[in-house]
1. Could we say that B:Phe208 is touching a helix residue (DSSP H, G or I) at 6+ places or on another chain (Cβ under 9 Å), among the aromatic types (Phe, Trp, Tyr) and within 16 Å of B:Arg49 (Cβ to Cβ) here?
2. Only one of these is at pLDDT below 95, crowded, with 20+ Cβ neighbours inside 10 Å and within 14 Å of chain A (Cβ to nearest Cβ): B:Leu124, B:Leu114, B:Leu132. Name it.
3. Could you tell me which of the residues A:Gly453, A:Gly470, A:Gly403, A:Gly427 is facing chain B (nearest Cβ under 7 Å), in contact (Cβ under 8 Å) with a residue 60 or more places away in the chain, open to solvent by less than 10 Å² (accessible area, probe 1.4 Å) and closer than 28 Å to A:Pro382 by Cβ?
4. Just to be sure before I move on: is A:Phe61 aromatic (Phe, Trp, Tyr), open to solvent by 20 Å² or more (accessible area, probe 1.4 Å) and touching a helix residue (DSSP H, G or I) at 6+ places or on another chain (Cβ under 7 Å) in the structure I sent?
5. Could you list, ordered by first residue, the pairs with Cβ atoms under 6 Å in which the first is in the range A:494-519 and under 20 Å from A:Gly53 (Cα atoms) and in the same structural domain as A:Pro146 (by TED's automatic domain parsing) and the second is among the hydrophobic types (A, V, I, L, M, F, W, C) and assigned to a helix (DSSP H, G or I), at least 6 apart or interchain?
6. Among the candidates A:Arg192, A:Arg147, single out the residue that is basic (Lys, Arg), in contact (Cβ under 8 Å) with a residue 40 or more places away in the chain and within 14 Å of chain B (Cβ to nearest Cβ).
7. When the residues of the range B:502-514 are narrowed to those that are out of contact with any Ser or Thr (no Cβ under 7 Å at 6 or more places or on another chain) and within 10 Å of B:Val143 (Cα to Cα), which ends up farthest from the other protein chains (Cβ to nearest Cβ)?
8. Cβ contacts < 8 Å: first residue over 19 Å from A:Val332 (Cβ atoms), restricted to the range A:78-104; second residue surrounded by fewer than 22 Cβ atoms within 10 Å (Cβ to Cβ) and acidic (Asp, Glu), any location; separation 6+ or different chain. Result?
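The values are calculated or read from the model by the stated rules, or taken from the named source; none is laboratory data. Predicted model only: the values in this text are computed from it and were never measured. Reconstructed Cβ throughout: ideal geometry from the backbone, glycine too, with neighbour counts over all protein chains shown. Quick note on the areas: whole protein, heavy atoms, side chains included, nothing else; ligands and nucleic acids left out. Shrake-Rupley method; radii C 1.70, N 1.55, O 1.52, S 1.80 Å.
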Number of protein chains: 2
Amino acid sequence: MNELASYLSGEWQRGTGKGAELCDPSTEAVLATVSTEGLDLAKALTFAREKGGPALRAMTFAQRGEMVRTLSKAIYEKRDELIGLAIANGGNTRSDAKFDIDGATGTLAYYADLGKELGDTQVLVDGDAIQLGRSARLFGSHVYTPRHGVAVHVNAFNFPAWGLAEKAAVALLAGMPVFCKPATSTGLVAHRIAEIMVESGALPAGAFSFLAGGVGTLTSHLEGQDVLAFTGGSSTGRTLRALEAVVARAVRINVEADSLNAAVFGPEVEIGSDLENLFTADVVRDMQQKTGQKCTAIRRVYVPRGRLAEIADLLAERLRRIKVGVPSRDDVGMGPLSTKTQLRDVREGARKIAEIAKLVHGSIDTVEALGREGDKGFFMSPLLFSHDSPSASDVIHNHEVFGPCATVMPYDGTGEDAARLVAAGGGGLVTSVYSDDAAFQKSCVLGIAPFHGRVTIGTSKVASQALPPGMVLPQLIHGGPGRAGGGEELGGRRGLAFYMQRTALQGDRAVLEAIAGKR
Amino acid sequence: MNELASYLSGEWQRGTGKGAELCDPSTEAVLATVSTEGLDLAKALTFAREKGGPALRAMTFAQRGEMVRTLSKAIYEKRDELIGLAIANGGNTRSDAKFDIDGATGTLAYYADLGKELGDTQVLVDGDAIQLGRSARLFGSHVYTPRHGVAVHVNAFNFPAWGLAEKAAVALLAGMPVFCKPATSTGLVAHRIAEIMVESGALPAGAFSFLAGGVGTLTSHLEGQDVLAFTGGSSTGRTLRALEAVVARAVRINVEADSLNAAVFGPEVEIGSDLENLFTADVVRDMQQKTGQKCTAIRRVYVPRGRLAEIADLLAERLRRIKVGVPSRDDVGMGPLSTKTQLRDVREGARKIAEIAKLVHGSIDTVEALGREGDKGFFMSPLLFSHDSPSASDVIHNHEVFGPCATVMPYDGTGEDAARLVAAGGGGLVTSVYSDDAAFQKSCVLGIAPFHGRVTIGTSKVASQALPPGMVLPQLIHGGPGRAGGGEELGGRRGLAFYMQRTALQGDRAVLEAIAGKR
């Protein structure tokens, strides 16, 4: 049996005991085991802080950028192998696997470019210098310097490649050592990427650590200059936020949790138009891709009252074309959910929605899956619900079903009403608005914005080139308020701020410039 | 007896029961009482969210700026009355009172100017638009819009005017209603300012609420779009950070807590030079001003080894000139501590330091106070300690004595060693470095920066015009990592971000510009 190792204190190490099993969600066959029992996590964190931190801080942004670029290239070279692992351990179709892995290398490459752009310097200047006194000598300026702790990353099961890479890219470029704890269930891809990163030789000792398996006592060792970034369910997010270290030592924390992302179909959009096609493609893709296991996937669809049945039927018709099955097959469009727990949770959530809404497409408990062996595998049918009188207190607005499941609901045709309903989700990562009406766009988007980290606006003129709302871009921030965890990642250089301390400097302008200047 | 009222749901209201007493710390005479018992806080928060929020969001930055300017002017008109209240209820000297009150009106005026500069718009654009696709049509941009909740401000006792005003200025300009809970003990000044603000007529209904007295159930009613900003002790900071609402609803929180601010005397600075005079004036001012009850006050003084006794004697000589006493007297330079609890805590903390360090000036338990009535009043002598072998685990590096108390310690003459010792404070608000040596400046300041929100660099050329490190400026950020709470306030438009949601917009460039454009 393949026993996955952790990379701690500069060495690959295995825990003791039986450990957890990593499965193929199509066959339920055990692919590997992991254990973190007995591993010295306090020592590993200290190693990262004392070896990795100084090594990274001694580098310029340009040098860290080159390091990140080497990682991107090394991972890209193993793309086919990684796709195979994602199909086997993640239940990913080939297309799903590429989305994850190319997202990883693309984000690393983006931050490599940013490092080059920031250049031969170690201090990031924030904004212009400000004259403080009456004379033109006394000034203030703001600089960012890397925090002296370790960046602990706790990642989600759905994007083992991208999740690891997008957080690591930003932290490493900022100058903080990374301590990555991937989700156990889909850990094969993350583990292989960790091996590739270590083998690349690009990383100074202590700059990267990897914990395969349970989190153990990791978070109890956090210190005041460490940061903790988490992606996953909101109950774990709550636990992390209430950690003694976070509460007592003001450890900086970023949480990206549940999100009931929405799509709003504009009042004037015609069936058969480019804009309707964009909308339909986005909704269906978000249900199908990664079997709906995307934190950015559309869960709620708002359409003008009176067009509810028409649009629900349109979506159902498209959903009927999706072939569920073993994802290694070319004729399969949607693989299984990633774990048995996921399957149970999705069915439970869907049943709650079914209590108040009408099931327009799919079946909660049965599914025809191509290539399935008996009743093995965590396969699930796409599920489309419709509900004609949504209320903010409904389960539809308060419970994320993390699978191929969405609900179509009506609004009164105004941007204000659509925004009110979208906001009932309590804070989300992304919502998409489809309309060519300028007044509708403005009222809807500005009504939605305070509740979201990102809003995409689909219009006829960009329909042919629009990027899917579910695609997280390194240039733009990713995160959302409230239920979505209140976090913020990426966004180009904005993302670096989490890993650095902003400090105001006050004094002679020439002195400030010398301090913040090139090394 | 003067029973202070709270301003809730658009009405002045008094709580029931006996309430708490507000005293004159020089005479221990009771000046007023306050109670929040029986007040409907949930209703008041809802009123702020439902009335104040929409009214403020309907205004442009320019209009909000004018509102803030009216508040600044109205407070300035009552400056003499407020100074009188600060002397009576805060133990402030006239100079201390001006520092607080002029800080309040100055910060309001600064944000009024910023509102004017931001102009006739409601959306704050963050950075340049970014081309996303191959064509020059698909873009991303970032905007800030006001959060839809209420900004709850829990302020400290030491700056009843400035603390209220600096938080209110930023929140109101950002477009969020303010719910202010001042410290009870020194609440007379805050209460009078609240009255002045309400009477000014500048504030829409619900835009400002004021809770005089205990916090009651206030924080249990927080919701996902609310924010909570706190200034005060770290134990309260911990309690607030662990609140169910903060943990479960990702309520945004900003904590500004304990800080063991330091001053570093450069290796080359000569006694009698302008730079030594600046250093000495800063250290002595921070012990004397507000009787050392300033979150930014210098608590630790690092001097080159071998010059410890010389510099400690120099500081002690200046401290001997400070006359402690009833602050309404013109010949008094330092008033009492603000409360009996403060006096007890300062003495306890000083005794802990005295266990390991030498008392160079002052007395922990006795003080000669001009104009004192018998043994009344919370008077305290300035206390200067010296310690010749400081260690990071010492009480000096780990316990904030919030009074006229500082400790002089040696470093080895290098910027690295000074930075290491300063960092042992576990994260602070501000540290000041005095040196004309460029290499020393750079190594010391960059070593300190990750642990601080602000660093001031005193040099000969700016010695005559330097602003004291203890003075918080609206242009520069205020806050610090770790022990200092991990928060960040002010910093010009940077401060607005806490009260707004940053959202990435994605779509046709022209559409994005129309959405973010002028109203």
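1. So B:Phe208 fits the description; yes.
2. Numbers: B:Leu124 fails: at pLDDT below 95; B:Leu114 fails: at pLDDT below 95.
Unique residue meeting the criteria: B:Leu132.
3. A:Gly427
4. Here the answer is no, as A:Phe61 does not meet what is asked.
5. What qualifies is A:Gly495/A:Val170; A:Leu496/A:Ala174; A:Tyr499/A:Ala171; A:Tyr499/A:Ala174; A:Met500/A:Ala174; A:Thr503/B:Ala449.
6. Values: A:Arg192 fails: within 14 Å of chain B (Cβ to nearest Cβ).
It is A:Arg147.
7. Going through the qualifying residues, I end up with B:Arg502.
8. As it stands, the answer is A:Arg79/A:Asp102, since those pairs meet every condition given.
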